[in-house]
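What follows is a short report on a single structure.
The values are calculated or read from the model by the stated rules, or taken from the named source; none is laboratory data. This is a predicted model, so every value here is computed, not measured. In this analysis, Cβ positions are derived from the backbone assuming ideal geometry, glycine residues included, and neighbour counts consider all displayed protein chains.
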Amino acid sequence: MNLARSITTVGGYTIGSRVFGFVREVLTASFLGAGAAADALVFAIKFPAIFRRLFAEGAFNASFVPLFAGILATKGKEEARTFAEQILTLWVGVLFLLILLIELFLPTLMPLLVPGFASTPDRLFYAIEFSRITFPFIFFISLTALYSGILNSIDKFAIVASSPMAGNLVIITIVLGFYDKFFSPGLAFAWGVMACGIVQWLWVWIPSFKEGMGLRFVWPQFNSNVTHFFKILAPAAFGSGVVQINLFVGAFIASWLPTGAISYLNYADRLNQLPLSVIGVAVSTALLPILSRHIRGEKWDKAHQSQNQAIEFSMFLTLPAALALIFLADPFVMIVFERGAFTEHDTRATALTLQALAVGLPAYVLIKVFSSSFFARQDTRTPVYTACAGIVVDIGLSLALMGSFHQIGIAFATAVAAWINAMLLGYLLWRQGHLVFEDRLKKFSSRMILACGGTIVLLKALQFSVHPLLLGGEFVRGFVVMGLVSFGLAGFLFLSHVMGALKFHELKLMFSSRV
């Protein structure tokens, strides 16, 4: 598969996952609103997600996939499977100990992690109860990441990309079936998250087994491949640890905000995550194994071509998404969340937070692309250094802005930090000769800026003309928002073609050519 088609495959299934994810968030907003239980549920879901960045898609994925793909390409399937079995055995042991320790000491840890919850005992109680159920999710999602890395390395992107969709569907089913069976609907969400992890693991394990990659537990042997894995993992884990510190500090800071602020951040992030997951995660997922193979085979021209194509394709999709989230934030939040316990005041607070987050959307995607280039070269140190710089900015700005702007200040600080991280990664890639600004990329960048400027004017004019209709009923508002998005996207595509940023025949060629 070529890169653009691989990205589209992953992104297409990710859209399905995010649609079900939105349904899940709509249910959360409807059943819990932005109160104590909602704030606690947000933390209970983020708590295992923090470790997920180390044990699953984060440091582990960056270390395992390039090695596994390289071994598979040069030494064959048996050698790659032996390596994966060694890692599986060691990883399961580590995960079991982690879960045991967290579950035993959770009541002691929770007041330290979110001390602001102590002033609202309901939030602290719910956070402990929900987290006891959700934390073992990390075990199954880590196994999912291992088998996903195997499947991606053999170009089985569709199976991996569809697993989150199945997981979200399980959460929705459990919530709708059991939300009224507990003293809080939040418990149904927590059990749904746990079941989601199990289903996602089975979703990728069964196809791996059919491909001859049904791994066994073996006696650990620290051979050259396993040793090399941990050498690469160490700086990546350190970097992930730094990121976790930032996340813990973020949770620490946010816990002091008024009740509801954490929920506003979460709801805004869910909307912002749609293009980030569909584009950023899809691009990095498809790019990493492809770059790893090109670099291992010393096909430098193809590596540069794949990377530049990833930048063009991701920015072509990300920039209009960012503009839509910034200029249509209010109607988006209104349509998706404003019902049940979610009020008009909650809509406005969430929309302002979304606008601040969306400023950094292109940077988040560029970080995914640039980091994949370092990871493919088995350099897990450089992204650590740039992440540290971004984290310092994030924490400093959050502390400076939270007093006056509450969660909006925290969201803006995150966006600024993302841009600093992305620019540092791009500069270091360029200095090392791994980022080549070819004439095509230069032309694309300048003309894309013009296309975006025209799109901003178009969106503002459209929004002004249909503003009275946005005050109508839910059906009318939904129809108007769909119209705004459709006309805005059509206008962006037309302007991109006219400006020469990416003409229609080039877009078609991108999907049909092979790399």
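Might you check whether a residue that is among the aromatic types (F, W, Y), within 18 Å of I295 (Cα to Cα), within 20 Å of the chain's Cα centre (by Cα) and surrounded by 19 or more Cβ atoms within 10 Å (Cβ to Cβ) occurs anywhere in segment 372-380? Yes, segment 372-380 contains a residue that is among the aromatic types (F, W, Y), within 18 Å of I295 (Cα to Cα), within 20 Å of the chain's Cα centre (by Cα) and surrounded by 19 or more Cβ atoms within 10 Å (Cβ to Cβ). Filtering segment 152-180 to residues that are under 21 Å from A341 (Cα atoms) and modelled with pLDDT of 85 or more leaves I171, I172, T173, I174, V175, L176, G177, F178. The set of residues in segment 46-74 being within 20 Å of T120 (Cα to Cα) and more than 14 Å from the chain's Cα centre (by Cα) consists of F47 alone.
Of the residues making up segment 297-340, those that are under 20 Å from L493 (Cβ atoms), β-branched (V, I, T) and crowded, with 19+ Cβ neighbours inside 10 Å are I311, T318.
Exactly one residue out of S148, S162, S142 is polar (S, T, N, Q), part of a helix (DSSP H, G or I) and in contact with a Leu (Cβ under 9 Å, 6 or more places away or on another chain), and it is S142. Step by step: first the residues of segment 32-49, then only those that are at pLDDT below 85 and surrounded by fewer than 22 Cβ atoms within 10 Å (Cβ to Cβ), then the one that is nearest to W256 (Cα to Cα). Which residue is that? Applying the filter and picking the extreme gives G35. Just one of the listed residues (A322, A389, A356, A363) is assigned to a helix (DSSP H, G or I), more than 22 Å from G453 (Cβ to Cβ) and modelled with pLDDT of 85 or more, and it is A389. Quick check on segment 105-139: of everything there that is at pLDDT below 85 and not in a helix (DSSP H, G or I), which residue is farthest from L88 (Cα to Cα)? Only one residue fits best here, namely T120. Looking for something touching a residue at least 40 places away in the same chain (Cβ under 8 Å), under 30 Å from A34 (Cβ atoms) and buried (at least 21 other Cβ atoms within 10 Å of the Cβ) - is there at least one such residue anywhere in segment 201-222? Within segment 201-222 (the criterion being touching a residue at least 40 places away in the same chain (Cβ under 8 Å), under 30 Å from A34 (Cβ atoms) and buried (at least 21 other Cβ atoms within 10 Å of the Cβ)), the answer is no, since none of the residues qualifies. Within segment 124-141, residues that are in contact (Cβ under 8 Å) with a residue 12 or more places away in the chain reach partners that are outside any helix (DSSP H, G or I) and of a type in the set (S, T, Y) with beta carbons closer than 7 Å, at six or more positions or on different chains, in the pairs Y126/S184. Only one of the numbered conditions (1) on the phi > 0 side of the Ramachandran plot; (2) in contact with a Gly (Cβ under 9 Å, 6 or more places away or on another chain) is violated by D122, and that is (1).
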